[in-house]
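Contents: one structure, followed by commentary.
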């Protein structure tokens, strides 16, 4: 998964080159939507959940691991956390994902886990890794 690791590293590096101090972290595109700060919080949650999926798939298969994204964001009170702390955590968790990917056992890339909320949705590690980066890019583009 070296190509995916390189892509994730580039996404992190590119984002870090933005001027974070010019971003209005409290901005919400509309009522009921997450603020920019909460989007980073959501990406931290996504990183944690996916890191667990990647690690568990090295030795286990067909387990269920889902999360309720709105509940996670609400209970962790990201809105009240300093943005520097959130960005530092986001960077660290993603760097750990990169380390896991760089050493991923080739014979486990097709291992699957269930990320379906209401019905089974078995996905391979390879699919989850690609989806993780696409999801990350999607949300980073929302931050203005």
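Given the structure, is residue 97 within 18 Å of residue 18 (Cβ to Cβ) and within 11 Å of the chain's Cα centre (by Cα)? It is false that residue 97 is within 18 Å of residue 18 (Cβ to Cβ) and within 11 Å of the chain's Cα centre (by Cα).
Across segment 102-122, the number of residues qualifying as surrounded by 16 or more Cβ atoms within 10 Å (Cβ to Cβ) and part of a strand (DSSP E or B) comes to 3.
The residues of segment 12-25 that are under 16 Å from the mean Cα position of the chain (by Cα) and surrounded by 15 or more Cβ atoms within 10 Å (Cβ to Cβ), listed by number, are 12, 15. In summary, residue 25 fulfils each of the numbered conditions (1) part of a loop (DSSP other than H, G, I, E, B); (2) more than 20 Å from residue 123 (Cβ to Cβ); (3) out of contact with any helix residue (DSSP H, G or I) (no Cβ under 9 Å at 6 or more places or on another chain) with the single exception of condition (3).
Within segment 68-97, residues that are within 26 Å of residue 5 (Cβ to Cβ) sit with their Cβ atoms under 6 Å from residues that are part of a helix (DSSP H, G or I) and modelled with pLDDT under 95, at 6+ positions apart or across chains, in these pairs: 94/12.
I'd like the residue in segment 26-35 that is surrounded by fewer than 19 Cβ atoms within 10 Å (Cβ to Cβ) and under 19 Å from the mean Cα position of the chain (by Cα) and, out of all such residues, is modelled with the lowest pLDDT. Looking at the filtered set, the residue picked out is 33. Here residue 58 meets each of (1) within 24 Å of residue 102 (Cα to Cα); (2) assigned to a helix (DSSP H, G or I) with one exception, condition (2).
Can you find a residue in segment 41-50 that is touching a residue at least 40 places away in the same chain (Cβ under 8 Å) and either over 27 Å from residue 144 (Cβ atoms) or not in a helix (DSSP H, G or I) (or both)? Checked against the condition, which is being touching a residue at least 40 places away in the same chain (Cβ under 8 Å) and either over 27 Å from residue 144 (Cβ atoms) or not in a helix (DSSP H, G or I) (or both), segment 41-50 yields no hits at all.
Suppose the filter is under 17 Å from the mean Cα position of the chain (by Cα) and farther than 16 Å from residue 141 by Cα; does residue 65 pass it?
Numbers: under 17 Å from the mean Cα position of the chain (by Cα): yes; farther than 16 Å from residue 141 by Cα: yes.
When the stated conditions are applied, residue 65 passes them.
Pairs linking a residue in segment 116-144 that is without any contact (Cβ under 8 Å) to a residue 24 or more places away in the chain to a residue that is part of a helix (DSSP H, G or I), with Cβ atoms under 9 Å and 6 or more positions apart or on different chains, are 123/53; 123/131; 131/50.
If you check 9, 50 for being modelled with pLDDT under 95 and under 18 Å from the mean Cα position of the chain (by Cα), only one passes: 9.
The values are calculated or read from the model by the stated rules, or taken from the named source; none is laboratory data. Bear in mind that the values here come from a model prediction, so they are computed numbers and not experimental data. Methodologically, a virtual Cβ is constructed for each residue, glycine included, from the backbone with ideal geometry; neighbour enumeration extends over all protein chains shown.
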